[in-house]
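Everything below concerns the one structure shown next.
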Amino acid sequence: MTTAPDSTAPGPAAPYDLVGVGIGPFNLSLAALADGVPGLRTLFLDGRPAFSWHPGLLMEGTVLQVPFLADLATMADPTSPWTFLNYLRAHGRLFPFFFAERFHIPRREYDHYCRWVAESLPSCRFDARVTAVEWDADRGVFTVVFRSAAGVTERVPARQVVLGVGTEPVVPEPLRPLLADPAHRGRVLHSADYRTHRETLADRAGDVTVIGAGQSGAEVLLDLLRRQDGEGRGGPYVRWLARTPAFAPMEYSKIGLEHFTPDYIRHFRSLPETRREELVRSQWQLYKGVSADTLGEIHDELYERTIGGGRPRAALHPGTELTAVRPDGEGYLLSCRNADQDAEFTVRTGAVVAATGYAARRPDCLEPLAGLIDWDAKGRYRVDGRYRVALDPRVTGTLYVQNAEMHSHGVGAPDLTLGAWRAATVLNTVAGRDVVPVPERVSWTTFGLPAADAPVVPAPARPEDPATDPVGSRT
């Protein structure tokens, strides 16, 4: 049987309306919301063989720090076929999920859900590594160049391009030379590779130091603690170092979470750059804190070790900065500084796991466009309220970016809660119409000055005679 050609598919010379570079959760959200939109042609490219989300941290028992409603579509369009609930339905798991009463789902399940969406969407193409994004001034379009796993190079034109290349691991300066040296492979690593080396660390290291006070560091520490036997004798001694003044829980109050709303993004964007940078540093508990449940589990593991007079084979050191590392036989000497006492100390360890987070990166494929992008003084994208990157006026196409705008949009940039909303904002701009309407105001909190037309509530009259005051006074 011969299949008729798809008359809606772009020909060799017909540009796509949007080409996405990278297929992580944020570009996948955009691909999901764009699926089936009449008259809109999209293509999303990724060099990996299949979707994979932080595989080095997909340990059993770890969960997302956001509710399952922060999936690829629900917060923008709960009627989408690509919601997490529809994933459960498609896999015959709605009833088990209902009975489990879980608001925060396992990370492994979120990864499987995203993989199901990526494999189902015809616009997503893997084994397609983008090597260049060029501007074709003659045609007024971008040219996206990509290479398949077989080495075949293709070029596709696009009116608009969205970057969703994700972030890359951040490593403390003292560890960088060791991490780049194959001789230390498996003994000095970033938490992004933890799952690959966890068995070796647990069975042979003897002493493991985890650096970083975020969720990844807490999960690695907890996993290693659980590798100790019931009395805490087997498995490695575990040490937790962090520069933050405390191993603190992530801000998770109902009002505090309103920092992850479009309202706060608008307020943050209105502030001077110096104030924005101060806020991002001071708000670390909004995005670098640890789940309170995980901290509780760590405490419970340590408590178990004290039964019968035992002592935990673990140490926790907040307010501590790693200043130097030196190989020492089969292990390493770590020079550390305690901020409170402004004093230094040294520890010896058999392995180091840097759970020190991730940062936005400029992909190599942008080099042909580098001279046409209006970088800020620190070499970052200038991003407007609709996630468009500022370009040279000669470029009539549009370049968007996802999860590389914390400096201009605030702490919600890497958070999954805002992923679908941001994708809908980009989609509406790409389409030139409200394909997925987004709300104007969603928070109770007024960030910044009240609006000029905000109602003014008069203060209650003060009783002239205190004796008639039904509340009275408290001293």
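The values are calculated or read from the model by the stated rules, or taken from the named source; none is laboratory data. Just so you know, these numbers come straight off a predicted model, no measurement behind them. Note: ideal-geometry Cβ built from the backbone for every residue, glycine included; neighbour counts use all protein chains shown. Side chains included, ligands, DNA and RNA excluded: accessible areas come from the protein's heavy atoms. Shrake-Rupley method; radii C 1.70, N 1.55, O 1.52, S 1.80 Å.
When residue 79 is tested against (1) of a type in the set (S, T, N, Q); (2) touching a residue at least 12 places away in the same chain (Cβ under 8 Å); (3) assigned to a loop (DSSP other than H, G, I, E, B), just one condition goes unmet, and that condition is (2). Residues that are over 28 Å from residue 199 (Cα atoms), part of a loop (DSSP other than H, G, I, E, B) and touching a residue at least 40 places away in the same chain (Cβ under 8 Å) within the range 40-61 comprise 40, 46, 47, listed in sequence order. On the given criteria, is residue 308 among the small types (Gly, Ala, Ser), farther than 20 Å from residue 169 by Cβ and surrounded by 16 or more Cβ atoms within 10 Å (Cβ to Cβ)? When the stated conditions are applied, residue 308 does not pass them. Scanning the range 77-98 for residues that are open to solvent by 20 Å² or more (accessible area, probe 1.4 Å) and under 16 Å from residue 421 (Cβ atoms) turns up 77, 78, 79, 82.
Flag not set for residue 33, criterion: open to solvent by less than 20 Å² (accessible area, probe 1.4 Å), over 15 Å from residue 109 (Cα atoms) and out of contact with any helix residue (DSSP H, G or I) (no Cβ under 7 Å at 6 or more places or on another chain). Among the residues examined, residue 156 qualifies as touching a Phe, Trp or Tyr at 6+ places or on another chain (Cβ under 9 Å) and assigned by the TED database to the domain that holds residue 24.
Of the listed requirements (1) open to solvent by 40 Å² or more (accessible area, probe 1.4 Å); (2) in a loop (DSSP other than H, G, I, E, B); (3) outside the structural domain of residue 40 (by the TED database), residue 436 misses just one: (1).
For the range 20-30, the criterion of being open to solvent by less than 70 Å² (accessible area, probe 1.4 Å), more than 30 Å from residue 365 (Cα to Cα) and in contact (Cβ under 8 Å) with a residue 60 or more places away in the chain is satisfied by no residue at all.
Taking only pairs six or more apart or across chains, which ones have beta-carbon atoms under 8 Å, a first residue in the range 359-373 that is touching a residue at least 12 places away in the same chain (Cβ under 8 Å), and a second residue that is in a helix (DSSP H, G or I) and buried (at least 17 other Cβ atoms within 10 Å of the Cβ)? Close Cβ pairs (under 8 Å, with a partner that is in a helix (DSSP H, G or I) and buried (at least 17 other Cβ atoms within 10 Å of the Cβ)) amount to 360/406; 373/366. Evaluation of residue 129 against the conditions (1) in contact with a helix residue (DSSP H, G or I) (Cβ under 8 Å, 6 or more places away or on another chain); (2) open to solvent by 50 Å² or more (accessible area, probe 1.4 Å); (3) under 28 Å from residue 87 (Cβ atoms) shows that the sole unmet condition is (1). Any idea which of 348, 337, 313 is modelled with pLDDT under 95 and basic (Lys, Arg)? Just a single option satisfies the conditions, and that option is 313. Among the criteria (1) at pLDDT 90 or above; (2) assigned to a helix (DSSP H, G or I); (3) in contact with a strand residue (DSSP E or B) (Cβ under 9 Å, 6 or more places away or on another chain), the one residue 238 does not fulfil is (2). Of the residues making up the range 125-138, those that are free of Cβ contacts under 8 Å to residues at least 24 places away in the same chain and either aliphatic (A, V, I, L, M) or not in a strand (DSSP E or B) (or both) number 1.
Of the residues making up the range 296-308, one or more are touching a residue at least 60 places away in the same chain (Cβ under 8 Å) and under 26 Å from the mean Cα position of the chain (by Cα). The strands (runs of 3 or more DSSP E) falling completely within the range 157-230 that include 1 or more residues that are open to solvent by less than 30 Å² (accessible area, probe 1.4 Å) map to 160-163, 188-190, 207-211. Please verify whether the range 348-364 includes one or more residues that are open to solvent by 20 Å² or more (accessible area, probe 1.4 Å) and within 16 Å of residue 207 (Cβ to Cβ). Scanning the range 348-364 turns up at least one residue that is open to solvent by 20 Å² or more (accessible area, probe 1.4 Å) and within 16 Å of residue 207 (Cβ to Cβ). Scanning the range 250-262 for residues that are under 23 Å from the mean Cα position of the chain (by Cα), touching a residue at least 40 places away in the same chain (Cβ under 8 Å), under 24 Å from residue 58 (Cβ atoms) and open to solvent by 60 Å² or more (accessible area, probe 1.4 Å) turns up at least one hit. In the range 267-292, the residue that is nearest to residue 106 (Cα to Cα) out of those that are open to solvent by 90 Å² or more (accessible area, probe 1.4 Å) and either assigned to a strand (DSSP E or B) or at pLDDT 95 or above (or both) is 275. Among the conditions (1) farther than 28 Å from residue 359 by Cβ; (2) of a type in the set (Gly, Ala, Ser); (3) modelled with pLDDT of 95 or more, the only one that residue 420 does not satisfy is (1). Restricting attention to the range 311-338 and to residues that are closer than 18 Å to residue 210 by Cα and part of a loop (DSSP other than H, G, I, E, B), the residue that is most open to solvent (accessible area, probe 1.4 Å) turns out to be 330.
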